[in-house]
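Q: Shown below is the structure under consideration.
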Amino acid sequence: MTSSFLFLLFSCNRQKCLDTEVFFATRMQPLIEENCIGCHNSSGLASESRLIIQEREVKKDRPSDVTNANMNLFVSLLQDDSMLLTDKTLEKRIHGGGKIFDRLSEEYAVLYEFQQRVIYKDYCELELPSPNISCDDGVYPSENPYRRLTDLQ
């Protein structure tokens, strides 16, 4: 599935573009706390990995220092390898936690959007094509029947 197709799939939900820090605090931080922090913490199964997530401190109307530290960690990982997070969560690369998200899930769309924000610094200013699909008709593409090889294969 190409990135432009994913964009078209999720563009119906795209509203006013949030600042990347606000996007991380409101969309990514809750996502990683719910799905990743169980293993990716200092005493979890993935404590030897590069991704050690800290639990956030709740601050009213602004990201906390912990949220900012987590965002900087994710940005650093994506700058080293722009596909690392999406590949791991889909288990295109070896991931001890297995497949975390379905390619067409809302959670994956959040992760993918954050990845695009890191890759394209001017993400909110990009000229975006109009979607070729209607969000109102309830028709969504199916999973790709072809399986790609993993790192080991």
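Q: Kirkwood hydrodynamic radius, region 85-126, all distinct C-alpha pairs: what's the number in Å?
A: Result for region 85-126 stands at 10.9 Å.
Q: Mind listing the phi-derived Karplus ³J(HN,Hα) values for region 100-112, rounded to whole Hz, using 6.51, -1.76 and 1.60 with θ = phi - 60°, and x for any glycine or proline?
A: 9, 10, 7, 4, 9, 7, 5, 4, 5, 4, 5, 4, 5
Q: Tell me, what is the FRET efficiency for K92 and K16 to the nearest 0.05, using R0 = 25 angstrom and their Cβ-Cβ distance as r?
A: After rounding, the FRET efficiency stands at 0.20.
Every number here is computed from the coordinates shown, using simple stated rules; none is lab data. As the structure is a prediction and not an experimental result, all values here were calculated from the model. Glycine also receives a Cβ, built like all others from the backbone with ideal geometry; neighbour counts cover every protein chain displayed.
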